[in-house]
Amino acid sequence: MNHKNSFIFLIVLISFMSSNAQQQGDPKVTEVWTPVPKIVTPGVIPSDAPSDAIILFGGENLDEWVSKDGKSAAQWTVADNAFTVKKGTGTIQTKRSFTDYQLHIEWKIPSNITGSGQARGNSGIFLASTGPGDEGYELQVLDCYNNTTYVNGQTASIYKQAIPLANACKKPGEWQIYDIIWTAPRFNDDGTLKSPARVTAFHNGVLVQNNFELKGVTKYIGTPDYSKAHGATPIKLQDHGDPSEPISYRNIWLREL
Ligand code: MG
């Protein structure tokens, strides 16, 4: 063995010995014991609310919801374990306010849907909002099963900000599911943005938004911004007002994070 080869042999030997020492070291160094995750009893099927969920609609009434003025009773129609947008009565919102959460919500485009583009079963989930008259940050609800529209406004888009990673639409008449993880934006005391909102969403079990960082509130015209600071806010459901048949929602539950 010449000088060069014995040097290489020595390096290999040292690195072997040191990795061996790590493997034989204290395993506790890499163990994490706190915080202990809360034990939650899962539902029998994935759509069932887990034991620690807040039920926002269980099928019987809109007691957890109010009209967009934040006070009067929500006017949408409850029937058959679901409720349906009542056009012209306006967006509805939760009585409670939320910050970070996991949300499960089911929705259905009516089988007799008409219209095209954005005027075909348009509704939406405002994951948070900047105030009573404002709509906020919209995850789009729309029929995009054989319906073409701008992709950053199609089903499961963050409206005009994020194209969904897939089109997982079911046919009109079939119930569909959104499972959403929302991290609210944070603001400094002077109203400037501290950290933007983030969203992960599954549409019928398919990942459609992967930890997307929002650029601000949804805007139909113009670019999104964080010009209005806010804390915890209600979640809102959109009465879009287009002439197509109204859509329905059911089985809505939320886990605060
Ligand atoms: Mg919409």
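Which of the residues that make up the range 196-205 are open to solvent by 40 Å² or more (accessible area, probe 1.4 Å) and either touching a Pro at 6+ places or on another chain (Cβ under 9 Å) or outside the structural domain of Leu127 (by TED's automatic domain parsing) (or both)?
Listed by number, the residues that qualify are Arg198, Gly205.
Hey, could you check the range 123-146 for residues that are polar (S, T, N, Q) and out of contact with any Ser or Thr (no Cβ under 6 Å at 6 or more places or on another chain) and say which is nearest to the ligand (Cβ to nearest atom)?
The initial filter retains those residues of the range 123-146 that are polar (S, T, N, Q), namely 123, 129-130, 140, 146.
Checking which are out of contact with any Ser or Thr (no Cβ under 6 Å at 6 or more places or on another chain) leaves us with 123, 130, 146.
Numbers: Ser123: 6, Thr130: 17, Asn146: 18 Å.
Among those residues, the one meeting the criterion is Ser123.
For the range 128-170, what are the residues that are open to solvent by 10 Å² or more (accessible area, probe 1.4 Å), under 20 Å from Ile109 (Cβ atoms) and among the small types (Gly, Ala, Ser)?
Ala166, Ala168 - these are the residues of the range 128-170 that are open to solvent by 10 Å² or more (accessible area, probe 1.4 Å), under 20 Å from Ile109 (Cβ atoms) and among the small types (Gly, Ala, Ser).
Could you look through the range 213-257, keep only residues that are in a loop (DSSP other than H, G, I, E, B) and among the basic types (Lys, Arg), and pick out the one that is nearest to Val85 (Cα to Cα)?
Among residues in the range 213-257 that are in a loop (DSSP other than H, G, I, E, B) and among the basic types (Lys, Arg), the one nearest to Val85 (Cα to Cα) is Lys219.
Let me spell it out: the conditions are (1) among the aromatic types (Phe, Trp, Tyr); (2) more than 15 Å from the chain's Cα centre (by Cα); (3) open to solvent by less than 20 Å² (accessible area, probe 1.4 Å), and Tyr178 meets all of them except one. Which number is the exception?
Result: Tyr178 fails condition (2) only.
Which one of the conditions (1) more than 12 Å from the ligand (Cβ to nearest atom); (2) more than 29 Å from Ala73 (Cβ to Cβ) does Ser157 fail to meet, given that it meets all the rest?
Here Ser157 clears every test but (1).
Select from the range 188-229 the residues that are out of contact with any strand residue (DSSP E or B) (no Cβ under 7 Å at 6 or more places or on another chain) and among the aliphatic types (A, V, I, L, M) and write down the one among them that is nearest to Gln176 (Cα to Cα).
By that ranking, first place goes to Val206.
The values are calculated or read from the model by the stated rules, or taken from the named source; none is laboratory data. Remember, it's a predicted structure, so these values are computed and weren't measured experimentally. Please note: Cβ atoms are built from the backbone with ideal geometry, for glycine as well, and neighbour counts cover all protein chains shown. Ligands, DNA and RNA are excluded from the accessible area calculation, which covers all protein heavy atoms including side chains. Shrake-Rupley method; radii C 1.70, N 1.55, O 1.52, S 1.80 Å.
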